[in-house]
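Before I ask anything, here is the structure I am working with.
Just so you know, all these numbers are worked out from the coordinates, no wet-lab data involved. Just so it is clear, the structure is predicted and the values come from calculations on it, not from any experiment. For neighbour counting, all protein chains shown are included, and Cβ atoms are generated from backbone atoms with ideal geometry for every residue, glycine included.
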Amino acid sequence: MDKSVISLESLAITFSQNLTLKGFTKRSLRYFKPYQSSGVVYINREVLGLVLMGELLIYIDENQSILEQGSEFFLPPNIFFQVTAGEHGAHFLYAHQMV
């Protein structure tokens, strides 16, 4: 098995295990097709995520972040944002802050 796959799998497992310790719950795995977008979304709780494969573009207000495989992301509460996959799509994990 390719070592990059093993390290990415290990990264995902570690990320998932630490979510509860950080006060996050309701883990979800999502797949976006190439250039698929979430549309504009409002969240009222913090979100932590990890890009497993591909590339994600996150738009908050006028700012854009490009996240590649292995990158973690944080979305603060009470914001509007949009997530769009890159040209090869994206697989990512995310979790909401516990209430």
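Identify the residues of segment 19-36 with backbone N under 15 Å of a label point that sits 7 angstrom from the Cα of residue 45 along the Cα-to-Cβ direction, or state none.
Answer for this model: 19-29.
Would you mind calculating the gained length between residue 27 and residue 87 on full extension (0.36 nm times residue separation, minus the Cα-Cα distance), in nm to one decimal?
Separation in residues times 0.36 nm, less the Cα-Cα distance, equals 19.1 nm.
Using a 10 Å cut-off around each Cβ, can you sort 35, 59, 42, 94 from fewest to most neighbouring Cβ atoms?
Going from sparsest to densest Cβ surroundings: 42, 35, 59, 94.
Which one, 59, 88, 98, projects farthest toward the positive side of the charge dipole computed for the chain from Cβ point charges (K/R +1, D/E -1)?
Farthest along the dipole direction, towards plus: 98.
Quote the convex hull volume per residue of segment 3-97, based on C-alpha atoms, as a whole number of Å³.
83
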